[in-house]
Amino acid sequence: MTSFSVKFSATSLPNSNRFSKLHATPPQTVAVPSSGAAEIAAERLEPRVEQRDGYWVLKEKFRQGINPAEKAKIEKEPMKLFTENGIEDLAKISLEEIEKSKLTKEDIDIRLKWLGLFHRRKHHYGRFMMRLKLPNGVTTSAQTRYLASVIRKYGKDGCGDVTTRQNWQIRGVVLPDVPEILKGLDEVGLTSLQSGMDNVRNPVGNPLAGIDPHEIVDTRPYTNLLSQYVTANFRGNVDVTNLPRKWNVCVIGSHDLYEHPHINDLAYMPATKDGRFGFNLLVGGFFSPKRCAEAIPLDAWVPADDVVPVCKAILEAYRDLGTRGNRQKTRMMWLIDELGVEGFRAEVVKRMPQQKLDRESAEDLVQKQWERREYLGVHPQKQEGYSFVGLHIPVGRVQADDMDELARLADEYGSGELRLTVEQNIIIPNIENSKIDALLNEPLLKNRFSPDPPILMRNLVACTGNQFCGQAIIETKARSMKITEEVQRLVSVTRSVRMHWTGCPNTCGQVQVADIGFMGCLTRKEGKTVEGADVFLGGRIGSDSHLGDVYKKSVPCEDLVPIIVDLLVNNFGAVPREREETEE
């Protein structure tokens, strides 16, 4: 195995020279005892991938029973669409010609996801969703305007979404435009590279990083370093583009746990050890149609300087040893289950630069009893004389004009910056207090994106739904708004209730972390097939995080309102509103 090195830009990064080169140590295939289990057979610890012509490929001996996505990767390396400019040639071919070849058809349906492009074949044929990398959810006014200019040209087919991973997605993109869009993204400091399929997703951090009076650590330098490592500064890091499945990472910066560490494959939890600042590590959290698992301690602590090296070591262990059969059993937690926590940890240690990894620190910096703060509305920053304003973006959907206006407000009232949140909302930071009143009187805040929305709307989250997504079973965004409005007319609530909607069991809407969640399904009513939802209850976030359980299955969507009302009254202290009824 050859060693890997990648250079990072030193722009605006503390101690960036410490990460100028990262070297992988060839893993050793020795038997390691797993926690509470028998020894792991040496042959099980043989890496299943090898380098060929600069790319990682699955070895011939491990190709029996692999899933279709793995076959597509073997037939053609997806990253060549980017690293060897294959997208330039593909974009010149008509869809009619593309459909005639299995290889090119798989290019647009599968391999383009390595470039962050998702063909909406089922509901938006010939159109693509493009997912951006946006570490820590930080975006500039220039970036926002550029994205607005892209979607505007597509008219009713174009729109943008704030996602549950703190980034932008834009819709309506057509293939011939992609090479020019990619160039434009690069010019404004954005990339869509490695944001889909078997890659590392957007690194999530504290949306209040650097401005939070109560923050533990500014997460932006770490999420930026992680993103730079994953994409090799927008050039493509092929060492981590052939994972067995997708992989999520977050860095925790506040007691509020806005970043939802328990649902990430790797979460960095702030902790000190022997007077040094660093992070305890949680691993393995994920959602899937067949299984949802909360992240567990790796019993490991790293100093702040080792944030990237340990990420690299964990990714390489997963890449080398993860199974590639049933796609529902290929997330990293399945490998941890198989090897045991100690067995998996030992494989990570082998891949650390010095083959060392400290045990977990007892000096956890996150306060366990902290009450999660509200970020919508006006709040003082740590910088005297400045505030940030959190805006409610109804289920994360924005149009081109909205994005231009948000960019204008960021420039006129703030520092030209916007912060996206995992609840699909947006924060404008760095506003002089003398400008707050004028901002609050802006038409966009009065009419579209309120800093003080109705209480049940505040934490309403919805995935794309079947308007665009071919996997979604039901429509989510408009329906979630309509049903919530109906519920608000029936009950009064005095506390925030987090309601999440997802169109299918892939649970992009993360219903398991919601107080009340709705997962799309088809059901029967009066002999007819209708859109419905499985109702989840009891998800918690924060230091006492807990995934919710199914409360009621296969409820027709048209019958959800009374069920939600009952849940709010019986579980969340809601009070029925008195309604005057008049006879016609």
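Worth a mention:
- Ranked from largest to smallest solvent-accessible area, with a 1.4 Å probe on the protein heavy atoms, 214, 500 come out as 214, 500.
- If you take the alpha carbon atoms of the range 161-232 and fit the smallest convex hull around them, that volume is 120 Å³ per residue.
- Here the spin labels are modelled as points 7 Å beyond Cα on the Cα-Cβ line, and at residue 41 and residue 373 they lie 5.4 nm apart.
- Free-standing Cys, the chain [no other Cys Cβ under 4.7 Å]: 159, 250, 292, 311, 469, 504, 521, 557
- Of the accessible area of the range 245-338, computed with a 1.4 Å probe over protein heavy atoms only, carbon and sulfur atoms account for 48 percent.
- Restricting attention to the range 223-377, the count of lysine pairs at 8 or more positions apart or across chains with alpha carbons under 27 Å apart stands at 14.
- Compactness of the range 453-496 as Cα Rg over 2.2 N^0.38 Å, two decimals: 1.31
- Mean residue ellipticity at 222 nm, helices only, the chain: -7500 deg cm²/dmol; runs of at least 4 DSSP H residues each add -39,500 (n - 2.57), and the sum is divided by the number of residues.
- Shape category assigned to the range 399-500 from the gyration tensor of Cα positions, a/c cut at 1.5: oblate
- Gain on full extension, evaluated as 0.36 nm per residue between residue 506 and residue 435 minus their Cα-Cα distance, stands at 21.3 nm.
- Calculated P(r) tail over 42 Å for the chain, as whole % of Cα pairs: 20
- Remark: the residue 101-residue 180 segment gains 26.0 nm on full extension, using 0.36 nm per residue and subtracting the alpha carbon distance.
- Between residue 485 and residue 354, the simple spin-label model (points 7 angstrom out along Cα→Cβ) gives 6.1 nm.
- Cα-Cα over 18 Å, subset of 153/446; 100/183; 59/102; 73/102; 525/553: 153/446; 100/183; 59/102
- For the range 157-252, the solvent-accessible area works out to 21 Å² per residue, with a probe of 1.4 Å and every protein chain left in place.
- Cα-based shape type of the range 208-297, given that a ≥ b ≥ c are square roots of the gyration tensor eigenvalues and the cut on a/c is 1.5: oblate
- Look at the dipole of the chain built from charges on Cβ: of 110, 480, 260, the Cα furthest out on the positive end belongs to 110.
- Close amide-amide hydrogen proximity is noted between residue 555 and 533, 534, 535, each under 5 Å apart and 5 or more residues distant or on a separate chain (H modeled in the peptide plane; Pro and chain starts excluded).
- Calculated over the range 175-334, the projected area of the Cα convex hull averaged across directions stands at 10.9 nm².
- Divided by 2.2 N^0.38 Å, where N counts the residues, the Cα radius of gyration of the range 234-277 comes to 1.53.
- Sparse-neighbour loop sites [trypsin sites (Lys or Arg not before Pro); the range 90-123; at most 12 other C-beta within 10 Å; DSSP]: 92, 100, 122
- Segment residue 558-residue 544, extension gain: residue separation times 0.36 nm, minus the distance between their alpha carbons: 1.7 nm
- The convex hull around the C-alpha trace of the range 250-393, projected and averaged over every direction, spans 11.2 square nanometres.
- Simple label model, 7 Å out from Cα along Cβ direction - residue 362 to residue 109, nm: 5.7
- Amide N proximity, the range 163-180 versus residue 92 label position 7 Å along Cα-to-Cβ, cut-off under 17 Å: 175-180
- Spatial separation of Cα centroids for the range 205-245 and the range 87-125, in angstrom: 29
- By the Cα gyration tensor, the range 449-584 has an equivalent ellipsoid whose semi-axes, rounded to whole angstrom, run 22, 20, 15 from largest to smallest.
- For the range 476-493, Karplus couplings with θ = phi - 60° (6.51, -1.76, 1.60), whole Hz, Gly/Pro x: 10, 5, 5, 5, 4, 5, 4, 5, 5, 4, 5, 5, 4, 6, 9, 9, 10, 10
- The value obtained for the range 482-562, namely the Cα convex hull volume divided by the number of residues, is 95 Å³ per residue.
- Carbon and sulfur %, accessible surface of the range 486-562 computed with the full protein complex present, 1.4 Å: 49
- Taking the range 242-263 and a reference point 7 angstrom along Cα→Cβ of residue 52, the backbone N atoms nearer than 15 Å belong to 242.
- Solvent-accessible heavy-atom area per residue, rounded to whole Å², over the range 400-523 at 1.4 Å: 33
- Apportionment of accessible area to carbon and sulfur, the range 90-175, percent (1.4 Å): 56
- When Rg and Dmax are taken over the Cα atoms of the range 528-568, they come to 12.4, 44 Å.
- Here the calculated FRET efficiency for residue 299 and residue 188, from their Cβ-Cβ distance with R0 = 56 Å, stands at 0.85, rounded to the nearest 0.05.
- Under the Debye formula (equal points on every Cα, no solvent term), log10 I(q)/I(0) of the range 308-435 at q = 0.10, 0.22 Å⁻¹: -0.64, -1.15
- Over 21 Å (Cα to Cα) - which of 122/477; 113/477; 76/113 fall in this group: 113/477
- Per-pair calculated FRET efficiency, R0 = 25 Å: residue 452 and residue 152 via Cβ, rounded to 0.05: 0.30
The values are calculated or read from the model by the stated rules, or taken from the named source; none is laboratory data. All values derive from a computational prediction rather than experimental measurement. All Cβ positions, glycine included, derive from the backbone under ideal geometry; neighbour counts span all protein chains shown. With ligands, DNA and RNA removed, areas are computed over all heavy atoms of the protein, side chains included. Shrake-Rupley method; radii C 1.70, N 1.55, O 1.52, S 1.80 Å.
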